[in-house]
Amino acid sequence: MTHQPIRFYQTGTFTVGNRLLAQEQRSVQAQAGRTNSLNSGHRACQGCGEALGARYAIDAAMDATNRQLVAANATGCLEVFSTPYPETSWQIPWIHSLFGNAAAVATGIAAAMRVKGRENVRVVAQGGDGGTTDIGFGCLSGMFERNDDVLYICYDNEAYMNTGVQRSSATPPAARTNTTMPVGSSTGARFGQGKNLPRIAMAHEIPYVATATVAELRDLEAKVRRAMEFRGARYIHILVPCPLGWGHGSAETIRMARLAKETGIFPVFEAEHGEVTNVSKIRRPLPVEEYLRPQTRFAHLFKPPGHPEIIARLQQLADRNIRRYGLLDTEAAS
Amino acid sequence: MKPKPFAITLDPGSSLANHTGSWRTVRPEYVDRLPPCNHACPAGENVQGWLFHAEAGDYEQAWRVLTRDNPLPAVMGRVCYHPCESSCNRGQLDQSVGINAIERYLGDEALRRGWKFQPPERQSGKRVLVIGAGPSGLSAAYHLAMRGHAVTIREAGPVAGGMMRFGIPKYRLPREVLDAEVQRIVDLGVTLELNSKVDDVLAARREGGFDAVFLAVGAHIAKRAYIPAGSAAKMLDAVSVLRGMETGEQPLLGRRVVVYGGGNTALDVARTAKRLGAEESIIVYRRTREKMPAHESELEEALQEGVLVKWLSTIKQAGESSITVEKMALDAKGNPQPTGQFETLEADSVVLALGQDVDLSLLDGVPGLEVADGVVKVDDSMMTGHPGIFAGGDMVKGERTVTVGIGHGKLAARNVDAWLRGEQWVHPPQHELATFDKLNTWYYTDAPKSKQPILDTIRRQSTFDEVVGGYDETTAQFEARRCLSCGNCFECDNCYGVCPDNAVIKLGPGKRYEFNLDYCKGCGICVSECPCGAIRTVAEEI
């Protein structure tokens, strides 16, 4: 198990820090001297899950690589809000690629570093779900297939948020976006469409694939650290709620991510060479309704007369995740 | 300047130039809310405050914070009915924190390690007379001495402790614990005069040259009830039975003992009778178990020891070796009414435990001092109608427990201190209550309450050994760490971590955090993800 939860210390490892833990047991984010890779003054919306996820992940990567890190960044929210010309929020070597070629650019950086004999410098490529699952998919699959020495991080907010909330292939069924409006007989994004990129990455049998959310910092940090122990292609898929596109309160970002995990909608696991090696168990099981109801993108499911049959289908998807990954611990959950 | 690449005209800059704080319509603000345990404590202890230090294993600091309010933690950790635990927010999550047992651990640890109170640096030159060395008097003496006043306690009895000694049996409070905690107060420079009953308050004040007086003589006179009794019937009262246990005049109760009453004192007597060898120890009480004023845990322990209770019963008559009991029934208002059905119980003695009255004789002729319903009237500052004479504990209105007495002593001491300086003590404004809905309980580790060891029933029926045992160090620390720290920052770094804008500044251990309002966009994540509810949202003035 990558991240061994520490119990019985008041909040254990559930909170970001814990004054009762020894220094070496504390998270990167708890350190006063953390990199703050993505600095203040960025133009992300209030309560942005992606800004949070990016700082969590890149700070952890900086920590794991002794600050020898280069990042390539696909076009998308993250790129737009962090680098309006001529300012930048990045406190690391950072390059903006096209929307679709972040993986290829990162591959090039890694090759250059190898040629220059600087293999201690590690390379991260990052992008949103649009740049990853749609536009950059070809380059990404190529990077996986060649097993290039890059960690690709996808910040998944489940639609094209930067351009005004259009559906991507990571948009969940029944969600309302500006291109999947619940009008007439339509009830939002269709069932049976979309891609499950973590599973596609696993099908490439690359050394390391993991999913994470911004609700479980310690788990996320451990996965970045673990990813940096491998050479070759690695992929981390982080669920980052978007207050704007999902339609929840800006203070609810972390709660939404937590609910996605606790309902089984978003399975949190890690896999090595195509096989699942570890799953993050559900601590307090909840029906999917708890997750759907606070989000206006699912509001049409609850407006009278309501769509209990759609909610039931979403519950089935969650139940399948629970079954497939063994997310429920029948013994004492903690 | 370096030549710029094609189409680039500006030097790169940092986004720090962009003060996103201007987006904000609401701002987060760190607050301290009042934890329910602190709120409920009759002695006004800062429970959450001392648990904070116990969590980190700094037991001495925990004890020092505790004793700012209560000088008798080892006693308190045994005899308090812990309203703090009844109101503990963790009770709504799984089970309340074992505050009382941790307090006992700290108290015992202090005695083991010989921790002493830090005497005040300066003396005020004022003299205060405390009458009565019970919990209230000792507490007042301690708090007055800590404020630099010269305190003399006059105690009518041969030893200090009051009802802690003459009301609470030693299987609940071992005497060496009581003695040690009393001694620590005396070591502060308090003069304790035993066997010196005060008959005239005004004369005592005048002759001793005391600037103020605190009355805390308690309530020692047993209430009587009229029960027709034959000449041979053995009738005693609870106060003299329990007092006799301490003064060496062990009461002869016989093999079959009946105790009349439903309070904690009735249980204490019944349990004492059992330990003295009574085969049968029966409590006769006129109402039901739900209505019994005695504490549930004490009743439970008594029943375990074989004490029997006759619910809904009154004693009609007492004879030489038996009593007549009448069955009662509750009427619509819940009051017991006689049914006319009688029963005979074998009894060698009957002990009346029907409550106690205050001996007010020492107050005769004090101008301005008022008595109502058998207790002394005091104002909000604990002062009687006579300037400079204060009163507290069982002799004033209020619940009669050790903890309330200690609280009265503290409150009175603060007011005496202010009065001596010609000032008025004002209660500092209280923080808003940290209710359960203010917490984000997701973050707390699941952990059931730790149990305290209990003495074998056989030994509980035959000896006066202490029934309930204490925590060891590991258990005490584990239990302390179950505290949710309601309403008070415990530096979990959550706000520092969850801010998407790095707008929280970590100030270092013990210094908590600060918001960087230049960049805080007012999203409110820190507020909703603070486990203990120590951040609130306030509207910006725009």
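The values are calculated or read from the model by the stated rules, or taken from the named source; none is laboratory data. Here the structure is a predicted model, which means the values were calculated and not measured. Cβ placement follows ideal geometry from the backbone for every residue including glycine, while neighbour counts extend to all protein chains displayed. Quick note on the areas: whole protein, heavy atoms, side chains included, nothing else; ligands and nucleic acids left out. Shrake-Rupley method; radii C 1.70, N 1.55, O 1.52, S 1.80 Å.
Computed from protein heavy atoms with a 1.4 Å probe, the total accessible area buried between A and B is close to 4400 Å². Proximity of backbone amide H atoms, modeled 1.01 Å from N, is registered between A:Ser168 and A:Tyr160 at under 5 Å, excluding neighbours fewer than 5 places apart on the same chain. The calculated FRET efficiency for the pair B:Asp11 and B:Ala329, based on their C-beta separation and a Förster distance of 56 Å, comes to about 0.05.
Normalised by the number of residues in chain A, the average gap of Cα pairs under 8 Å and 6 or more apart makes the relative contact order 16 percent. Nonpolar atom fraction for the stretch A:23-325, defined as the carbon and sulfur part of the 1.4 Å probe accessible area, stands at 51 percent.
So between B:Arg289 and B:Val426, what do we pick up on full extension, going 0.36 nm a residue minus the alpha carbon distance?
Fully extending the segment from B:Arg289 to B:Val426 adds 45.2 nm.
When the protein assembly as shown is described by a simple charge dipole with +1 on each Lys and Arg Cβ and -1 on each Asp and Glu Cβ, the residue from B:Ala156, A:Gly188, B:Leu10 located farthest towards its positive end is B:Leu10.
Taking label positions 7 Å along the Cα-Cβ direction at both B:Glu176 and B:Asp456, the computed distance is 2.1 nm, reported to one decimal.
Here the stretch B:75-115 is scanned for amide nitrogen atoms under 19 Å from the site 7 Å beyond the Cα of B:Phe436 along Cα-to-Cβ, giving B:83-99.
Over all Cα atoms in the stretch A:75-175, the spread is summed up by Rg and Dmax: 14.4, 50 Å. Ranking B:Arg175, B:Arg414 by solvent-accessible area of protein heavy atoms (1.4 Å probe, all protein chains present), from largest to smallest, gives B:Arg414, B:Arg175. Taken about its Cα centre, the stretch A:23-325 carries a charge dipole of about 320 debye when Lys and Arg each add +1 at the Cβ and Asp and Glu each add -1 at the Cβ.
Secondary structure note: in chain B, about 45% of the DSSP beta bridges are antiparallel. Interface residues of the stretch B:1-46, defined as those losing at least 30 Å² of solvent-accessible heavy-atom surface relative to the isolated chain (probe radius 1.4 Å), are listed as B:Leu10, B:Gly13, B:Ser15, B:Leu16, B:Asn18, B:Trp23. Entry note, chain B: relative contact order of 22 percent, from Cα contacts under 8 Å with a spacing of 6+ residues. Mean separation of Cα pairs under 8 Å and 6 or more residues apart, divided by the residue count, gives the stretch B:308-409 a relative contact order of 14 percent.
For the stretch A:1-158, report the % of Cα-Cα distances exceeding 28 Å. Across the stretch A:1-158, Cα pairs with separations above 28 Å total 26 percent. Extension gain for B:Asp472 to B:Lys4 (0.36 nm times residue separation, less C-alpha to C-alpha distance): 161.5 nm.
Within the straight-line cut-off of under 28 Å between alpha carbons, the lysines reachable from A:Lys281 are A:Lys195, A:Lys223, A:Lys261, B:Lys438, B:Lys449, sequence neighbours fewer than 8 places apart in one chain being disregarded. Give, as ranges by residue number, the residues of the stretch B:93-133 whose backbone N falls under 17 Å from the point 7 Å along Cα→Cβ of B:Thr191. Within reach of a label on B:Thr191, which here means backbone N under 17 Å from a point 7 Å along Cα→Cβ, the stretch B:93-133 contributes B:123-133. The modelled label-to-label distance for the pair A:Arg190/B:Ser297, using points 7 Å beyond Cα in the direction of Cβ, is 6.5 nm.
Taking a span of 15 Å or more along the helix axis (Cα atoms) and a mean Kyte-Doolittle hydropathy of at least 0.5 as the rule, the DSSP H helices of chain B that qualify are B:135-146. Note on A:Phe230: accessible area is roughly 30 Å² with a 1.4 Å probe, heavy atoms of protein only.
Couplings 3J(HN,Hα) for the stretch A:120-125, derived from phi with the Karplus relation 6.51 cos²θ - 1.76 cosθ + 1.60 (θ = phi - 60°), are 6, 7, 9, 10, 10, 10 Hz, where x marks Gly and Pro. Computed with a 1.4 Å probe on the full set of protein chains, the accessible area for B:Asp187 sits at about 80 Å².
By DSSP, the beta bridges lying fully in the stretch B:315-405 are antiparallel in about 95 percent of cases. Keeping every protein chain present and rolling a 1.4 Å probe, give me the accessible area per residue for the stretch A:23-325 in Å². I get 37 Å² per residue for the stretch A:23-325. Considering only B:Gln123, B:Leu411, A:Leu78, the residue lying farthest towards the positive end of the dipole of the protein assembly as shown is A:Leu78, judged by Cα position with unit charges set on Cβ. Prolate is the label for the protein assembly as shown, because a/c, from the alpha-carbon gyration tensor with a ≥ b ≥ c as root eigenvalues, is 1.5 or above and a/b exceeds b/c. Bridgeable aspartates and glutamates around B:Lys274 (alpha carbons under 18 Å apart, same-chain partners fewer than 8 residues away excluded): B:Asp237, B:Glu246, B:Glu249, B:Glu298, B:Glu300, B:Glu301, B:Glu305, B:Glu346, B:Asp348, B:Asp456, B:Asp465, B:Glu466.
Residues whose amide H lies under 5 Å from that of B:Lys310, counting only those 5 or more places away or on a different chain, are B:Ile283, B:Val284, B:Tyr285; hydrogens are built 1.01 Å from N in the peptide plane.
Taking the Cα centre of the stretch B:228-355 as origin and assigning +1 to Lys and Arg Cβ atoms and -1 to Asp and Glu Cβ atoms, the resulting dipole is close to 320 debye.
On a full-extension model of 0.36 nm per residue, what is the gain between B:Val371 and B:Gln183, subtracting their alpha-carbon distance, rounded to one decimal in nm?
Roughly 64.4 nm would be gained on extension.
Taking a ≥ b ≥ c as the square roots of the eigenvalues of the Cα gyration tensor of the stretch B:228-355, is the shape rounded (a/c under 1.5), prolate (a/b larger than b/c) or oblate? Oblate shape, in that a/c is at least 1.5 and b/c is the bigger or equal ratio. When only the Cβ of Lys, Arg, Asp and Glu is charged (+1, +1, -1, -1), the dipole of chain B relative to its Cα centre reaches about 140 debye. Roughly what % of Cα-Cα distances in the stretch A:144-190 sit above 16 Å, to the whole percent? Roughly 49 percent, rounded to a whole number.
These residues, B:Trp419, A:Trp246, go from largest to smallest accessible area, 1.4 Å probe, as B:Trp419, A:Trp246.
Burial here means at least 30 square angstrom less accessible surface with every protein chain in place than with the chain by itself, probed at 1.4 Å; in the stretch A:10-37 the buried residues are A:Gln10, A:Thr11, A:Phe14, A:Thr15, A:Val16, A:Arg19, A:Leu20, A:Ala30, A:Ala32, A:Arg34.
Across the residues of B:53-61, average count of Cβ atoms on other protein chains within 10 Å?
1
Remark: mean inter-chain Cβ contacts per residue of B:486-495 equal 5, using a 10 Å Cβ-Cβ cutoff to other protein chain atoms.
Would you mind giving the mean number of other chain beta-carbons within 10 Å of the Cβ of each residue in A:54-64, as a whole number?
Mean shielding by partner chains, rounded to a whole number: 1.
Here is the result for the stretch B:38-135: no chymotrypsin sites (Phe, Trp or Tyr not before Pro) lie in DSSP coil with at most 13 other C-beta atoms within 10 angstrom of their C-beta.
With the convex hull of the Cα atoms taken as the outline of the stretch B:1-126, the averaged projected area works out to 18.5 nm². Ordering B:Thr339, B:Pro228, B:Gln304 by the projection of their Cα atoms onto the charge dipole of the stretch B:228-355, which places +1 on the Cβ of Lys and Arg and -1 on the Cβ of Asp and Glu, puts B:Thr339 at the extreme positive end. Projected label points at B:Asp58 and B:Asp94, each 7 Å from Cα along the beta carbon direction, are separated by 2.7 nanometres.
In terms of the Cα gyration tensor, with a ≥ b ≥ c the square roots of its eigenvalues, is chain B rounded because a/c is under 1.5, prolate because a/b exceeds b/c, or oblate? Working shown, then result.
On the way: a/c = 2.46, a/b = 1.76, b/c = 1.39.
Taking the square roots of the gyration eigenvalues as a ≥ b ≥ c, chain B is prolate.
In terms of accessible area, using a 1.4 Å probe and ignoring ligands and nucleic acids, B:Asp456, B:Asp348 rank largest first as B:Asp456, B:Asp348. The residues of the stretch B:228-355 have, on average, 44 Å² of accessible surface per residue, using a 1.4 Å probe with all protein chains present.
Nearest-5 percent of antiparallel DSSP beta bridges in the protein assembly as shown? Bridges in the protein assembly as shown that DSSP calls antiparallel: roughly 35 percent.
With a sphere of radius 13 Å drawn around the Cβ of B:Gln424, what net charge do the other residues whose Cβ falls strictly inside it have (Lys, Arg +1; Asp, Glu -1)?
The answer is -2.
Comparing A:Val124, A:Val209, A:Val183 in a Gaussian network model of chain A, where Cα atoms under 10 Å apart are tied by springs, the biggest mean-square fluctuation is seen for A:Val183.
Using R₀ = 60 Å, calculate the FRET efficiency as 1/(1 + (r/R₀)^6) where r is the Cβ-Cβ separation of B:Phe342 and A:Glu205; round to 0.05. The pair B:Phe342/A:Glu205 has a calculated efficiency of 0.10. Taking 18 Å as the straight-line reach from the Cα of B:Lys126, the aspartates and glutamates in range (excluding those fewer than 8 positions away in the same chain) are B:Glu207, B:Asp211, B:Asp417, B:Glu423.
Between the stretch B:465-489 and the stretch B:433-451, how far is it from one alpha carbon centroid to the other, in angstrom? One Cα centre to the other: 14 Å. Need one value: the accessible area of B:Ile406 in square angstrom, 1.4 angstrom probe, rounded to the nearest 10. In the full protein context, B:Ile406 sits at about 0 Å². Surface composition of the stretch B:162-315: carbon plus sulfur atoms hold 49% of the accessible area, using a 1.4 angstrom probe and ignoring ligands, DNA and RNA.
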